[in-house]
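Engineer: Got a structure for you, questions after.
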Amino acid sequence: MGFRKDFVWGAATSAYQIEGGAGEDGKGMDIWDVFCKEPGRVYEGHSGDVACDHYHRYKEDVQIMKEMGLKAYRFSINWSRVLPDGTGKVNEKGINFYDRLVDELLGAGIEPYITLYHCELPYEIYKRGGWMNREIVEWFGEYAALVAERFSDRVTHFFTLNEPQCFIGLGFLNGAHAPGLKAPLRDTFTMAHHALMAHGRAVQQLRAHAKQPVEIGYAPTCGMAYPETDKKEDIEAARKSLFAIPDVSNWSWNVAWWSDPVIFGAYPEEGMELYGPWLPEIKDSDMELISQPIDIYGQNIYNGRCVRMGENGEPENVSRYEGFPKAANSWPVTPEALYWGPKFLYERYKKPFYITENGISCHDSVSLDGKVHDPSRIDFLERYLSALKSAASDGVDIRGYFQWSLMDNFEWNSGYSERFGLIYVDYQTQERIWKDSAYWYRDLIMKNGEKE
Ligand code: IFM
């Protein structure tokens, strides 16, 4: 078995993290433009003003993708580039950039997968209350309609929201990401509810304005859970742990709260009880909107926790041994997450499944031979993709895999200090250098994920 013949081998990026071109050609400001200028917010004051200068170098970047053999490329549109105020007047020059990108991709035989929202909230929308203002549901719908109108003649795959766990949790609960707020808990639940409604409205609008049949999905994230052993009770413990409702202080780091409503049209009961005191009014019509049928389910997966069934019959986390493998940013390396995560999620949500992000930050640098050797990334990919292949062999309907990331880029509050790319970016010259892992991935794609 293994990967399907038409498996979608891809790589992903997001607009603010690679484009640069800040303020160019009529782009409106987004919350990251503003956040990065605030002292102490981002590592060494870095910003996405120039980033990988993809706004000007997209042709070179698409050529790299072509040489890598990518079947698909997942990128986000920066809402404020096409609608500088978030609503109202369309910026044709912004549309034109994405038009050229889409055409370049199609010309190279690469399928574009568009993400509508990857942390790029227009600042004008933020000033009007952002996610707190219920009107954002319609504003986001208007934006989705525009994207469908202008791109769905050539693009057939869309994801609505990327990682709501992070743009609400990091943006408004702990304030590490833009706009850097520590909002009252009640407000964070209201924003989350509006974000989910905005997702639903976008699904409606994408379908209503699509020029041909399209596939629409959602791209949440979270740590996965995997069992310590193959014993039935450990597997059950991991499954239970994955969909458990966390304590309210860290509530957004949660699978079920973000995905159950989208698929089942209801928040999990346990969460309704635990979070009850902080919840906004939730109408039946809200839930109907949130659960507009989607075609595909995406999940960003980087790692997971090891879980076993405790003596008290409840799941317990197994502590990691000393010296446990980790990435440059200290995230644990847990390939099991790419087997058990898709398995548990597919079992529960039963939708054709995509890994919309997966990758590793490494301490990459250019060696004396002028090359970038990144054996840890190759090892990571080999382990994780072999786990994913086992999940596919065991019946999970896995349609595709998007490596994060095509190239090094602006890693939010860590600036350029983290390198997640297959392609090394020299930020002084904007030179792109293929890392060893990029060649490795190219070869793997050629063999459709088989070793030989
Ligand atoms: O860079 C981010 C991306 O924007 C969202 N998912 C996780 C990546 C690595 O932190």
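Engineer: Please list 3J(HN,Hα) in residue order for the stretch 383-397, calculated via the Karplus relation 6.51 cos²θ - 1.76 cosθ + 1.60 where θ = phi - 60°; whole Hz, with x for glycine and proline.
Structural biologist: Using θ = phi - 60°, the values come out as 5, 5, 6, 6, 5, 5, 5, 4, 4, 4, 5, 8, x, 6, 7 Hz.
Engineer: How many percent of DSSP beta bridges within the chain run antiparallel, rounded to 5?
Structural biologist: Of all bridge pairs located within the chain, approximately 20 percent are antiparallel.
Engineer: Calculate the length of the line joining the C-alpha centroid of the stretch 31-70 to that of the stretch 434-452, in whole Å.
Structural biologist: Computed from Cα coordinates, the inter-centre distance equals 25 Å.
Engineer: Long-range amide H contacts for Leu116: which residues qualify at under 5 Å (H placed 1.01 Å from N, peptide plane, sequence gap of 5 or more or a different chain)?
Structural biologist: Phe159, Thr160
Engineer: Looking at the square roots a ≥ b ≥ c of the eigenvalues of the Cα gyration tensor of the chain, which shape do they give, rounded for a/c under 1.5, prolate if a/b is larger than b/c, or oblate?
Structural biologist: Rounded, because the longest to shortest axis ratio a/c is under 1.5.
Engineer: Now a separate question. With θ taken as phi - 60° and the coefficients 6.51, -1.76 and 1.60, list the Karplus ³J(HN,Hα) couplings across the stretch 128-138 in order, rounded to whole Hz; mark glycine and proline as x.
Structural biologist: 8, x, x, 5, 6, 8, 4, 5, 4, 4, 6
Engineer: Simple spin-label model, 7 Å along Cα-to-Cβ: Asp247 to Glu288 in nm?
Structural biologist: 4.0
Engineer: With only Lys, Arg, Asp and Glu charged, each at its Cβ (+1 for the first two, -1 for the last two), find how big the charge dipole of the stretch 274-432 is about the Cα centre; round to the nearest 20 debye.
Structural biologist: Its charge dipole is roughly 320 debye.
Engineer: By accessible area of protein heavy atoms, probe 1.4 Å, what ranking do His157, His363, His209, His199 get, highest first?
Structural biologist: His363, His209, His157, His199
Engineer: Hey, with R₀ at 41 Å, roughly what FRET efficiency would Val90 and Glu67 work out to, going by the Cβ-Cβ distance, to 0.05?
Structural biologist: Once rounded, the FRET efficiency stands at 0.75.
Engineer: Could you state the accessible area per residue of the stretch 202-252 in Å², with a 1.4 Å probe and every protein chain left in place?
Structural biologist: 41
Engineer: Whole angstrom only: what separates the Cα centroid of the stretch 79-136 from the Cα centroid of the stretch 295-311?
Structural biologist: Cα centroid to Cα centroid, the span is 30 Å.
Engineer: I'd like the carbon and sulfur percentage of the solvent accessible area for the stretch 158-279, probe radius 1.4 Å, heavy atoms only, ligands and nucleic acids excluded.
Structural biologist: 54
Engineer: Pick out, in residue order, every one of the GluC sites (Glu not before Pro) in the stretch 254-326 that is DSSP loop and has at most 12 other C-beta atoms within 10 Å; say none if there are none.
Structural biologist: Glu281, Glu311, Glu322
Engineer: How far apart, in nanometres, would the label points at Lys371 and Lys37 be if each is projected 7 angstrom from Cα along the Cα-to-Cβ direction?
Structural biologist: 4.4
Engineer: Give the residues of the stretch 265-308 whose amide nitrogen is closer than 16 Å to a point set 7 Å from the Cα of Arg134 in the direction of its Cβ.
Structural biologist: Under 16 Å, as judged by backbone N against the label point of Arg134, lie 279-290 of the stretch 265-308.
Engineer: Extending each Cα 7 Å along its Cβ direction at Trp278 and Ser386, get the distance between those two points in nm, one decimal.
Structural biologist: Taking the two extended label points, one gets 4.1 nm.
The values are calculated or read from the model by the stated rules, or taken from the named source; none is laboratory data. Model, not experiment: these values are computed from the prediction. Heads up, the Cβs are rebuilt from the backbone with ideal geometry, glycines too, and the neighbour counts pull from every protein chain shown. Heads up: the accessible areas ignore ligands, DNA and RNA and are worked out on the full protein's heavy atoms, side chains in. Shrake-Rupley method; radii C 1.70, N 1.55, O 1.52, S 1.80 Å.
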